[in-house]
1. Among 113, 132, 244, which one moves the most in a GNM of the chain with springs linking Cα atoms closer than 10 Å?
2. Once you order the gyration tensor axes a ≥ b ≥ c over the Cα atoms, which shape class does the chain get: rounded for a/c under 1.5, otherwise prolate or oblate by comparing a/b with b/c?
3. Fewest to most neighbouring Cβ within 10 Å: what's the order for 31, 345?
4. Can you order the peptides 33-45, 53-65, 193-205, 276-288 by their average number of other Cβ atoms within 10 Å per residue, highest first?
5. Fewest Cβ neighbours within 10 Å first, please rank 86, 74 accordingly.
6. Is the shape of segment 10-160 best called rounded, prolate or oblate, per the rule: a/c under 1.5 gives rounded, else a/b larger than b/c gives prolate, else oblate, with a ≥ b ≥ c the square roots of the Cα gyration tensor eigenvalues?
7. Can you tell which of 152, 133, 97 shows the greatest fluctuation in a Gaussian network model of the chain with Cα springs below 10 Å?
8. Rounded, prolate or oblate: which fits segment 248-354, taking a ≥ b ≥ c as square roots of the Cα gyration tensor eigenvalues, rounded meaning a/c under 1.5, else prolate when a/b beats b/c?
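Just so it is clear, none of the values below were taken in a lab; they were calculated from the coordinates. Given the structure is predicted, the values throughout are model-derived calculations rather than measurements. Here the Cβ positions follow ideal geometry from the backbone for every residue, glycine too, while neighbour counts run over all protein chains shown.
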């Protein structure tokens, strides 16, 4: 099936059922006990910076591990697999001195995911698998000063953020992804740079792909780190006409539910959610069991709040298996038709009916 066919199949599947995204990569990779040599491989054997902890570089140095993660999640019912590219931008990879490897990391990540997805689609043609190009947040922000004594200071410029995302999305597209997932967004301005980088690909002759946008509510305030409410965040990104919008990370399902309900009320597109397996414990681990997580997400599905479900930090293939079982046979959320209005946003939403 070519890419146009896969995109059509993705949209058709979303109309028929609740789609399932994969789960955490960190938990899976950490269980492998990888050493510095695993992260370096032959290509970076003499690199002058420690690489242990740079999970994205494993696409080049331990592709077998990356493929194993994809296969594990597709095997338990995931419809969509994310590329292993959460920090695969020049800005983020500068921490490891790997700016020059960014294109190769993203391209290989997309290729590995594509191979796994196609292999599973061939096994079960009635359940095609899809690849989302994962575009994570940066370690620098356009909206928040890194200096408490200088609110106007910034550690990065718009052009730098845009260029960093542009390099990433081009390589992901060339590697064969079916859609882009801009995720774990805490700064809407960074997100807008990623959106523009994606949309501008069409000017270079690339086929337009669906965009999935996933923000992060950082605490019970119901706001992103840069201060926006969920509705204000949606107003800020709705111009991109995304395939899906949602929330992930930071919170467990019990705390995230009211904010997903807010988004389900206002978003005239698919709504997605992939919370953590609860909040981290004192040791930084996650204690929520697959049954606990799936029980809550199953209720979201039955309440008509979501179109896509998955897991973020702390979730495992067992969590995704149970989430898939909980959502099986449940009618996906019906996308509402909202009346025409001018909708603006700062930290709060503003609506002026026509």
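1. Largest GNM mean-square fluctuation: 244.
2. rounded
3. Fewest-to-most ranking of 31, 345: 31, 345.
4. Packing order, densest peptide first, comes out as 53-65, 193-205, 276-288, 33-45.
5. Starting with the residue having the fewest Cβ neighbours, the order is 86, 74.
6. Because a/c hits 1.5 or more and a/b fails to exceed b/c, segment 10-160 counts as oblate.
7. Result: 152 has the largest fluctuation of those listed.
8. Since a/c reaches 1.5 but b/c is at least a/b, the shape of segment 248-354 is classed as oblate.
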